[in-house]
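The structure appears below as structure tokens.
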Amino acid sequence: MLSTLAATTAATHWVGPWGGGFGWFFLLIPLFWIAVFVLIFTFAGRRWRRAAAAGGGYGYGRGPSSPSRSAEATLAERFAKGDIDEVEYRARLEVLRANRENQG
């Protein structure tokens, strides 16, 4: 009877490597918060990368000078393709830049 009582007492009052009770629970708390931060940065990073790929920066607009810059880019592409010659390119570029200075 004494050996049965000792075995029962040892089994019910066993102390694990991190202490008794919910000592292991304290390992889960930092793991939980690490997982939360990883998920937040993953989803936020995807959103920011998609916005940057779409040309909007980090979800914000490019600003007031973007139409003139895109017009200059379009003009440069047309010049590179050979749709317009150098004289026409420089004339149109001058008009675009003069209009940008008058607006801003």
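The values are calculated or read from the model by the stated rules, or taken from the named source; none is laboratory data. Everything numeric here is computed off the predicted structure, so don't read it as measured data. Cβ placement follows ideal geometry from the backbone for every residue including glycine, while neighbour counts extend to all protein chains displayed.
Restricting attention to region 66-104 and to residues that are of a type in the set (G, A, S) and over 26 Å from A54 (Cβ atoms), the residue that is modelled with the highest pLDDT turns out to be A91. Has region 49-56 got any residue that is over 30 Å from E101 (Cβ atoms), at pLDDT 60 or above and among the basic types (K, R)? There is at least one residue in region 49-56 that is over 30 Å from E101 (Cβ atoms), at pLDDT 60 or above and among the basic types (K, R).
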